[in-house]
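What follows is a set of notes on a single structure, which appears directly below.
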Amino acid sequence: MALFEVKNLTKKFGGLVAVNDISFQIHEGEILGLIGPNGSGKTTTFNCINNFFPITSGDIIFKGQSIKGMKTHKICQLGIGRTFQVVKPLARLSVLDNVTAAAFCRVNSIVEARDVAHEVMEFCNLLAVKDRPAKSLPIGGRKRLEIARALATKPELLLLDETAAGLTPTEVDEAIELIKKIRENGVSILIIEHIMKVIMTMSDRIHAINFGQTIATGTPEEVANNPAVIEAYLGEDYAKG
Amino acid sequence: MKKSSITLLIVGLFLLGFPLAVHSNYYQHLLIITFIWVIIGSSWNLLAGYTGQVSFGHAIFFGVGAYTAGILVTKLGMSAWWGMLFGGFIAMAVALFVGWVCFRLRGPYFALATLAGGEIFRLIATNWEELTDGMVGILIIPTFRSKLPYYYLSLGLAAACIYAIHRIMKSKWGYYFVSIREDQDAAESLGINTTLYKNISLLVSAFFTGLAGAFYMNYMGFIDPEVVFSLHYISIMAILVGIVGGVATIMGPAVGALVMVGLQETFRSSFFGLAPAWVSQGHALVFGLLVIFVIMFLANGIVGDWEKIKRYVLRRKAFRI
């Protein structure tokens, strides 16, 4: 049985269909890439999964249980962590406090929460900046803080929204290493990414969408050679060749 | 021992010994009023400063606490001291309702809703004459003629309130409160039940404010809706105490209370009788100027910007040499 399943997900904003009848599954320990041009509905899908937006129709199932309509914080407590494309650090708090606040999701005492936070910060290479206010971090640090915070809630499934966007090439490589390490720890991952180096090397399978609809699904090679995907990204001239 | 604990010890001993050294009822009264404001300011700070839910309606909880104590006497024939037990809890019950209505709104809309809420409660207290005696107010005979019991009780309450908030801010609750302030959506996605924790913050805040109200009834012996449900003298003053002292600092509201009560009294008494009587009308103007000054130069309040103040003073001294 799949760890996580999206069934016929549809989200309409008034007359605009942002996500149209999308279905996919994530198995335990798997990394699924979600790709598509700008405005194709990737982030909307994320916002539907953790119920920032109520979904119009369809169902979302996690560990055999429907999480449709469940409160956002409940979904996190069940084991789905997420990061934001437009990072949302708790700006005036230190990095340590950011991660500690998240760690309280699983533990109640401050000593335990700090321990979890230190563990996660070491994992994400944030210990050196732990006492700095989150707002003082450069974008690379903020992206890692997003991941660290999500990890501190001890998720079984992690939703990564453009974690590598805006990073330098070195930082992108570090991000790839970090994501690999997360998977080795048994966390399944759903990742949105535009940087092909990341998505092609990391993903076990890729799900491509455009205008809210599924256009291809399969291994990275299959999807990269799919005419519909090439057309969506490069225009129909390239798709013919 | 740390420098801050030594300072705290000295201030504590000073306040404990003060009424034994200074027998003046007048100065004891001023400190009692200050302690009441320490409680209200700290409570407001928990909700607005730490949790980021700026309330313009803290008079609701102060008034409800005061009227609970008063009505226990006039309607039930009990001692007003029972108000110290019930006042806080009735204020919490009211807060549950206020939260249920106002927390549907965020940011400035929440602030406006609490502002309206405060006025609604003032009007209820004015017009529900069967219960509150309306504009006539409630008059009771205070238990003690000496100020000493009131002094130590209010000092104890203020210290307990500060300590409680200090402990809360070092716990899971505290982390959740500031997370909500910084980014409510991020907080939700980190597994924080923002609705629940905003309500917890409001309830704790209302409890202490209600307690302060009940104490006020016992101490002053007289309340009416224009006093305890006042927008200017309670709700806005609570905000001023918080802002001047330092929002989201533990000791900020205490310092703010001292400054604001001191300033208010200086003007009310026309500089202790040294200035012409019309000066007493000027306190609202001075409050306004003070807030502008604090926001422009000490955005984090006296406590929050203490280092900045120290640097400035030291630099001035260096220049003189």
Across bins of 5 angstrom width beginning at 0, how are the C-alpha pair distances of the range B:258-307 distributed, in whole percent? 5, 21, 23, 21, 13, 11, 6, 0
Hey, got the dipole for chain A? About the Cα centre, +1 on K and R Cβ, -1 on D and E Cβ, debye to the nearest 20? 980 debye
Under 5 Å between amide H atoms, partner at least 5 residues away or on a different chain: which partners does residue A:205 have, H built in plane at 1.01 Å? A:31, A:33
Starting with the highest mean, order A:142-151, B:145-154, B:207-216 by the number of other Cβ atoms within 10 Å, averaged over the residues of each peptide. B:207-216, A:142-151, B:145-154
Taking every residue of A:92-101, the Cβ atoms of other protein chains inside 10 Å of its Cβ average out to 4
Positive-end extreme of charge dipole, the protein assembly as shown - chosen from B:13, A:52, A:125 (charges on Cβ): B:13
Can you flag which of B:172/B:198; B:170/B:308; A:68/B:198 are past 19 Å Cα-Cα? B:170/B:308; A:68/B:198
Place a +1 charge on the Cβ of each Lys and Arg in the protein assembly as shown and a -1 charge on the Cβ of each Asp and Glu, then give the dipole magnitude about the Cα centre in debye, rounded to the nearest 20. 1820 debye
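Rank-order A:83-89, B:260-266, A:100-106, B:189-195 by packing density, defined as the average count of other C-beta atoms within 10 Å over each peptide's residues, highest first.
Highest-to-lowest ranking by the protection proxy: A:100-106, B:189-195, A:83-89, B:260-266.
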If you average the alpha carbon positions of the range B:243-321 and of the range B:84-145, how far apart do those two centres end up, in angstrom? 29 Å
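When you look at the Cβ of every residue in A:71-77, what mean number of other chain Cβ atoms sits within 10 Å?
6
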For B:193-204, what's the mean count of beta carbons from other chains sitting within 10 Å of each residue's beta carbon? 1
Based on Cβ point charges of +1 for Lys and Arg and -1 for Asp and Glu, what charge dipole magnitude is obtained for the range B:109-231 about its Cα centre, in debye rounded to the nearest 20? 680 debye
Given charges at Cβ of Lys, Arg, Asp, Glu: the range A:4-240 dipole, positive-most of A:84, A:139, A:105: A:105
Spatial separation of Cα centroids for the range B:10-71 and the range A:65-130, in angstrom: 36 Å
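Give me the one-decimal Kirkwood hydrodynamic radius in Å for the range A:1-157, with the sum taken over alpha-carbon pairs.
16.7 Å is the Kirkwood radius here.
Quick note: the coordinates plus some simple rules give every number you see, no bench work behind them. All values reported here derive from a predicted model rather than from experimental measurement. Using ideal geometry, Cβ is built from the backbone for each residue, glycine included, and neighbour counts are taken over all protein chains shown.
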